[in-house]
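Accompanying notes for the structure given below.
The values are calculated or read from the model by the stated rules, or taken from the named source; none is laboratory data. These figures come from a predicted structure and were not determined experimentally. Every residue, glycine as well, gets a Cβ built from its backbone with ideal geometry; the counts of neighbours run over all protein chains shown. The accessibility values were calculated without ligands, DNA or RNA, using every heavy atom of the protein model including side chains. Shrake-Rupley method; radii C 1.70, N 1.55, O 1.52, S 1.80 Å.
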Amino acid sequence: MAMSLGYALATLLGFTVLVLLPIKLGFSLKYHDRTTDLRIITGTVGPLQVAVRLPMDPFAPSSDASGDGADSDPKSGETQQRKTDFGSMALPLRLAKLFAVTVQRIERFSFRTVVGTGDAAVTSYVTGSLWAMTSILTAWLRRRYRFLSAPVYHVVPDFDRSRIALEIDCIFRFTIGEIIVAIVSQQLTRRTRG
């Protein structure tokens, strides 16, 4: 009897620690010189980093000659519009939305961009516009999340050449208990509506 009570208390204590233990989950995205580097950061005490390198240029023109997203059939000469299947993205998008609604604390957020158009006057207009968008983003994030450290923003003009570089670092902090409460409340809301 005393042995099973000890196991029950140890299990309850372990479950409580698991539910209340703060977890960090974040990402680091860097775009420089036609290379995108995405790192996913996770951990509880010390961060464990998993790096995924994506060699792509999101600002490059499309590879087809027409540039309209259509594939041409060499036999008939007809063009067919490419179709994208977003059905496989439904579950990850729902989980990302649930995560964004559930998480309330951001441990670290930094945004740095370097922009240049080759023309100093246009570069100054673009830089000012980016600062304006950054202030709008800051206001929205501060309304939605509680920052554990002050967010850092930098918009740097490059007057000498045409280029764009982007660095975003963000680490969220949450507990398993917050995720469980969000899933249960979402299921209860779904059942009461439908």
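In summary, strands (runs of 3 or more DSSP E) completely within the stretch 105-194 and bearing 1 or more residues that are under 22 Å from Tyr31 (Cβ atoms) and in contact with a helix residue (DSSP H, G or I) (Cβ under 6 Å, 6 or more places away or on another chain) occur at 105-117, 152-157.
When Phe172, Phe99 are screened for being open to solvent by less than 40 Å² (accessible area, probe 1.4 Å), closer than 30 Å to Gly14 by Cβ and modelled with pLDDT under 90, only Phe172 passes.
Between Arg112, Arg146, Arg142, the distinction of being open to solvent by 50 Å² or more (accessible area, probe 1.4 Å), basic (Lys, Arg) and closer than 25 Å to Asp33 by Cβ belongs to Arg112 only.
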